[in-house]
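Novice: Okay, here's the structure, questions in a sec.
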Amino acid sequence: MADHQAVTLFIEWPLNGIDDNNPQDKSGSPMTTNVVLSKAENSPRLFKHRGRLRFRGLILGLMLSLWLSVAGVQAQTAKVRIAPALRTRNVILITVDGLRWQEVFGGVDVTLMDKDAGGIKDLPALTQRFQRETARESREALMPFFWRTLAQQGVVFGDPEQESKAVVTNGLNFSYPGYSEILCGFADPLIDSNAKKDNVNVTVLEWLKQKPGFENSVAAFCSWDVFPFIINETRSGIPVNAGWEPLTPDASLNLEGSEAVAALRELDEFSLEIPRYFPDVRYDFVTFRGAAEFLKAKQPRLIYVSLGETDDWAHAGRYDLYLDAAFRTDDYIRRLWQQLQSMPEYRDSTTLILTTDHGRGDNRIEWKNHGEKVDDCEYIWMAVMGPDTPHQLIRGTTVTQSQIAATVAACLGHDYQKAVPRAAAPLPVLP
């Protein structure tokens, strides 16, 4: 069967609070729901009341009749929804390593605004840049593009104020397991370290690369040097430029003769001159600029950009530099989005998917850390904006990290979950 069809029929029943023998609301009419929950096998313990996606009842009386009987037989009717053709032709997936939901939704955490807990060097200057009278004002000062554009035009998950939960399901809450869950659509218990070992699982990037129209149109630019293993660059054939790897000699990018070469050569020279504060993570500016130049030169239909400084400055105990990195990251995303909208190949036909690999601790000490022994760092956030994603305020839902992979594919018109039954369902972001 094709990955998508022109007409799709839906009969929807509610997930909670309905008698299996009487799936009706108080008015006696069948109810509908647009909540989509993950099928991931490993649900976090904290969500004891998480709804389970189940089929309820039988599909009865569904018939489309084109026969008009002279005898007066009436055609039965059913609730039919015609799925519109998707406008999305391209997807840009961006992850921001270890950026807490606390800052995304609440702005500056005032409990960390000192030298002891946050390693702050210039408190007055930091306060002026990001601290405001209310949490909403503070979060907008910290991430203006996210809140003034993405949240206004798209969908945001994980806001506790709206009783929305976004969670990691791998139970480990650190990077390699998190990125594998994001890209593969399920948690693999055999991935339990950040070791540079090739991922045996096929990512949605690799799966889509095998589809017509994507053969040479998938790429990844990542700040952390483990990504060639997470994506399994050797097996997948996807060009993955990561860590302190130079950009211009990277033959897999196939940029020889393009206008991007001069700009990338300058980036390589810049990278050689600056101190390498993090030996396995390059500065996000280089990753961002590399991705931007590649977009202009090659116009890939699917590009993955992973930015990492937020996590590393948090581990270093520098809350000031962590906030600065979050602010810069938001601006890199703005600039990438504006670049895409300025190009006819991407304008009004590109979906942006944004998330993180894990949360962090929620006190003056553990904010620096994450992992299975750190409370509550399975809570994350995610957001989607694109031509097929109508703006809506998400309330009272639980979604999982494992739903990102199928969402990437669904936005491009492909059914990843059907091909990979272990994968979770797509996020509820398409009509």
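Novice: Going by C-beta contacts inside 10 Å, put Ile182, Ile365, Ile94 in order with the fewest on the left.
Specialist: Going from least to most buried by this count: Ile365, Ile94, Ile182.
Novice: Please report the net charge: other residues with Cβ closer than 15 Å to the Cβ of Arg132, K and R +1, D and E -1.
Specialist: Local charge sum for Arg132: -1.
Novice: What is the spin-label model distance, in nm, from Arg132 to Glu256 if the labels are put 7 Å beyond Cα along the C-beta direction?
Specialist: In this crude label model, Arg132 to Glu256 measures out at 5.1 nm.
Novice: Follow-up question, since we're still on this one. Calculate one ³J(HN,Hα) per residue across region 355-366 by plugging θ = phi - 60° into the Karplus curve 6.51 cos²θ - 1.76 cosθ + 1.60, and present them in order as whole Hz with x for glycine and proline.
Specialist: Ordered by residue, 3J(HN,Hα) equals 7, 9, 8, 6, x, 9, x, 10, 8, 5, 10, 7 Hz.
Novice: If you average 1/r across every pair of different Cα atoms in region 126-228 and take the reciprocal, what Kirkwood value do you get, in Å?
Specialist: Radius from the Kirkwood sum: 17.0 Å.
Novice: So, one more: What value does region 90-419 have for Rg/Rh, both radii from Cα atoms and Rh as Kirkwood defines it?
Specialist: That ratio equals 0.94.
Novice: Moving to a separate point now. Can you give the local net charge around Tyr319? Use residues other than it whose beta-carbon is closer than 14 angstrom to its beta-carbon, Lys and Arg +1, Asp and Glu -1.
Specialist: Combined, the nearby Lys, Arg, Asp and Glu give -4.
Novice: If you rank Thr329, Thr356 by fewest surrounding Cβ atoms within 10 Å, what's the result?
Specialist: Ranked by crowding around the Cβ, least crowded first: Thr329, Thr356.
Read-outs: derived from the displayed coordinates by stated rules, not from any lab. Predicted, not measured: the structure shown is a model, and the values here were computed from it. Neighbour counts run over all protein chains shown; Cβ positions are idealised from the backbone, glycine included.
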